[in-house]
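These notes are about the structure you will find just below.
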Amino acid sequence: MRSGYMSPEYARYGHFSEKLDVFSFGVLLLEIVSGKKNAAFYRFEHSPTLAGWAWELWKEGRGMEDIDESVREACRLDEALRCIHIGFLCVQETPADRPTMSSVIHMLQGNESTSLPPSKEPAFSTHRNSNPVCSSKTPTGLSPNAVTMSLPEGR
């Protein structure tokens, strides 16, 4: 499933969560730092998302390659790498693993001495990321987004 800026719980099940916007912001943050569009990764059937591509470089210790090369020399690398890390925290598979937006703002305002929590593999980064985000029971903070239809009939 291709999602763009949609969180997994919305893309797969139509469930809204308090962390839906956090996911979208994380994708946007990764786009800004990398200079790449998430949609560009959808051209090929087996290519990962932007987050998946960035994650592969990150876990190989090549996080610098995630930074747009046109600004890599001019930017503060520690700040750019911090933004990538925050982006990964925002695009986690489950809403409970994502920070709140107020936490994201705090992390972005923090300095390099403020440590960030470790990040897990981002949602939609590989085709094996197909575990259900929600059980059939709707967890707290999510709405089932159920729709009913009524057929009007004359008297």
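Restricting the first residue to the range 73-86 and requiring it to be touching a residue at least 24 places away in the same chain (Cβ under 8 Å), which pairs with a second residue that is among the small types (Gly, Ala, Ser) and assigned to a helix (DSSP H, G or I) meet a Cβ separation below 9 Å and a spacing of at least six or different chains?
As it stands, the answer is Ala80/Gly63; Ile84/Ser34; Ile84/Ala54; Ile84/Gly63; His85/Gly63; Ile86/Gly26, since those pairs meet every condition given.
State which residue is farthest from Leu89 (Cα to Cα) when the search covers only the range 14-33 and only residues that are open to solvent by 40 Å² or more (accessible area, probe 1.4 Å) and modelled with pLDDT under 90.
My answer is Phe16.
Ile84 is checked against (1) in a loop (DSSP other than H, G, I, E, B); (2) surrounded by 14 or more Cβ atoms within 10 Å (Cβ to Cβ) and fails just one. What number does that condition carry?
Result: Ile84 passes all but (1).
Can you confirm whether the range 68-77 contains a residue that is in a helix (DSSP H, G or I) and not aliphatic (A, V, I, L, M)?
Within the range 68-77, none of the residues are in a helix (DSSP H, G or I) and not aliphatic (A, V, I, L, M).
The values are calculated or read from the model by the stated rules, or taken from the named source; none is laboratory data. These numbers come from a predicted model, not from an experiment. Neighbour counts run over all protein chains shown; Cβ positions are idealised from the backbone, glycine included. What goes into the accessible areas is simple: the full protein's heavy atoms, side chains included, and nothing from ligands, DNA or RNA. Shrake-Rupley method; radii C 1.70, N 1.55, O 1.52, S 1.80 Å.
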